[in-house]
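The values are calculated or read from the model by the stated rules, or taken from the named source; none is laboratory data. For clarity, every value in this text was computed on a predicted model and none was experimentally measured. Cβ placement follows ideal geometry from the backbone for every residue including glycine, while neighbour counts extend to all protein chains displayed. SASA here: full protein model, heavy atoms, side chains in, ligands and nucleic acids out. Shrake-Rupley method; radii C 1.70, N 1.55, O 1.52, S 1.80 Å.
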Amino acid sequence: MRKTNTPQPRHPLHSARAATVAAWFGLTYSPTKRTQPPRAPPNIPLPRPGQIFLITGPSGAGKSSLLRALQSRARRPCINLATIPLPNRPLIDLLPNLPIDQALQALAKVGLAEAQSYLHSPAELSEGQRWRLRLALAIHQSTSCSKPGNSLLVSDEFAALLDRVTAAIVAHALRRAIDRSPNLSAVLATSHDDLTQPLAPDRIIHCDFGETAVTTQKRRKEAYR
């Protein structure tokens, strides 16, 4: 059996097995430890209040890196929709700073309008309902900011695990929330190509393995009561 000289890893981020595969195929394998997030291209600004930026592209094309880069440039609170904690309490108790009628209204605005759901815990909701609950909590959290335009909602792999009909419903609820809230904007990343219509993003940033293309969308803002 032929012996193969296996390059040895130079620090913990190097993998001996990956180095072996690189040697077999004549590839360069020299990963370096990244201590700072990548820089977003200078021609991509952050969204203004009332705007949604949608980062698209195939898996591994750089969407997550671009999202982190834009988030690192934000000089305002960033609220990650995917990581908002959901305590094991009835939904009506998750907005304790609001009077009951205002809490019910806040939940109803994101599509949580069934009376029985107000008594449920997050664990008793569907995944789509939990996404809408996170949106309600994010909006409520943003109201504590002292300056208008001071909250940025972010989400990597936005609604990725939802069935596509539910994902579209959640996307539309987010669009409505952004239009209604003068202090909110959002940057979302997804590899799905079916959320453009319900999200109605103001800009679409397409990632293609190091290259980015920005498209500005023209849309007529809906009027919400």
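Sub-8 Å Cβ pairs linking a first residue in segment 94-106 that is under 17 Å from Pro122 (Cβ atoms) to a second residue that is not in a helix (DSSP H, G or I), at least 6 apart or interchain, are Leu94/Leu86; Leu94/Pro87; Ala103/Leu95; Ala106/Leu95; Ala106/Leu98, ordered by first then second residue. Is one or more of the residues making up segment 194-205 modelled with pLDDT of 90 or more, open to solvent by 50 Å² or more (accessible area, probe 1.4 Å), not in a loop (DSSP other than H, G, I, E, B) and not β-branched (Val, Ile, Thr)? Yes; the residues of segment 194-205 include at least one that is modelled with pLDDT of 90 or more, open to solvent by 50 Å² or more (accessible area, probe 1.4 Å), not in a loop (DSSP other than H, G, I, E, B) and not β-branched (Val, Ile, Thr). From the list Arg10, Arg2, Arg17, which residue is open to solvent by 70 Å² or more (accessible area, probe 1.4 Å), outside any loop (DSSP other than H, G, I, E, B) and at pLDDT below 85? Sole residue among the options that is open to solvent by 70 Å² or more (accessible area, probe 1.4 Å), outside any loop (DSSP other than H, G, I, E, B) and at pLDDT below 85: Arg17. Applying the set (1) modelled with pLDDT under 90; (2) of a type in the set (Gly, Ala, Ser); (3) surrounded by fewer than 15 Cβ atoms within 10 Å (Cβ to Cβ) to Ser181 leaves exactly one unmet item: (3).
Regarding segment 208-220, can at least one residue be identified that is open to solvent by less than 10 Å² (accessible area, probe 1.4 Å), out of contact with any helix residue (DSSP H, G or I) (no Cβ under 7 Å at 6 or more places or on another chain) and either in a helix (DSSP H, G or I) or at negative phi (or both)? Step through it out loud before you land on a result.
Narrowing segment 208-220 to residues open to solvent by less than 10 Å² (accessible area, probe 1.4 Å): none.
The answer is no; no qualifying residue exists.
Condition check for Arg134 on (1) farther than 30 Å from Thr215 by Cα; (2) part of a helix (DSSP H, G or I); (3) basic (Lys, Arg): one failure, at (1).
Kindly indicate which of Ala82, Ala61 is surrounded by fewer than 21 Cβ atoms within 10 Å (Cβ to Cβ), touching a Lys or Arg at 6+ places or on another chain (Cβ under 8 Å) and at pLDDT below 90. Outline the logic, then answer.
Numbers: Ala61 fails: touching a Lys or Arg at 6+ places or on another chain (Cβ under 8 Å).
Unique residue meeting the criteria: Ala82.
From the list Leu161, Leu153, which one is open to solvent by 70 Å² or more (accessible area, probe 1.4 Å) and hydrophobic (A, V, I, L, M, F, W, C)? Just a single option satisfies the conditions, and that option is Leu161. Could you check how many residues of segment 91-109 are open to solvent by less than 50 Å² (accessible area, probe 1.4 Å) and part of a loop (DSSP other than H, G, I, E, B)? Matching residues across segment 91-109 total 2. Each residue in segment 186-207 was checked for being touching a Pro at 6+ places or on another chain (Cβ under 8 Å) and of a type in the set (D, E, K, R), and 2 of them qualify. Scanning segment 68-78 turns up no residue that is surrounded by 13 or more Cβ atoms within 10 Å (Cβ to Cβ), at pLDDT 90 or above and in a loop (DSSP other than H, G, I, E, B). Within segment 116-133, the set of residues being under 23 Å from the mean Cα position of the chain (by Cα) and open to solvent by less than 30 Å² (accessible area, probe 1.4 Å) comprises Pro122, Leu125, Gly128, Trp131, Leu133.
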